[in-house]
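To start, the structure itself, in structure tokens.
The values are calculated or read from the model by the stated rules, or taken from the named source; none is laboratory data. Because the structure is a prediction, the values reported are computed rather than measured. Virtual Cβ from ideal backbone geometry, glycine too; neighbours counted across all protein chains shown. Side chains are part of the model used for accessible areas, which takes the heavy atoms of the whole protein and leaves out ligands, DNA and RNA. Shrake-Rupley method; radii C 1.70, N 1.55, O 1.52, S 1.80 Å.
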Amino acid sequence: MTDSPTPRRWGRVADVIEGGVIYMEDAERLVLSGVSLPSNPDRRGQAEAYLSELVADTIVFYEATESDSLGRLKAEVWVGDVNVNDALRARGYVD
């Protein structure tokens, strides 16, 4: 038995809301898989601002791996050839 392929989608980001949740135009909500934003309020605000700068009002490509208990999709997200998950990790915006 083989695993089914990971769903791949495109969509326009409507907003980045508290906690780094990416809210899509189609009302889908994404959280970055493997990324936990800092618990320090100042660093968390910086991380959210950087995430918003990367993706706000942009068309993104994402691969959803699963959904969390709140129904949000855990996803790897790209803007062009930039992996957003990796960009946040590279800046140290993770706990």
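Taking the options 90, 47, 75, name whichever one is closer than 14 Å to residue 10 by Cβ and small (Gly, Ala, Ser).
Answer to the check: 75.
Does the range 33-56 contain any residue that is in a strand (DSSP E or B) and open to solvent by 40 Å² or more (accessible area, probe 1.4 Å)?
No, every residue in the range 33-56 fails to be in a strand (DSSP E or B) and open to solvent by 40 Å² or more (accessible area, probe 1.4 Å).
Could you check residue 63 against (1) charged (D, E, K, R); (2) closer than 19 Å to residue 8 by Cα; (3) buried (at least 17 other Cβ atoms within 10 Å of the Cβ) and say which number it fails?
Result: residue 63 fails condition (3) only.
Would you call residue 62 among the hydroxyl-bearing types (Ser, Thr, Tyr) and at pLDDT 95 or above?
yes
Taking only pairs six or more apart or across chains, which ones have beta-carbon atoms under 7 Å, a first residue in the range 27-45 that is at positive phi, and a second residue that is modelled with pLDDT of 95 or more and assigned to a helix (DSSP H, G or I)?
Note: pairs meeting the criteria are 34/85.
Quick one: in the range 66-95, which of the residues that are without any contact (Cβ under 8 Å) to a residue 12 or more places away in the chain and farther than 23 Å from residue 27 by Cα is surrounded by the fewest Cβ atoms within 10 Å (Cβ to Cβ)?
81
Quickly run through the range 57-95 and pick out the residues that are assigned to a helix (DSSP H, G or I) and basic (Lys, Arg).
Correct list: 89 only.
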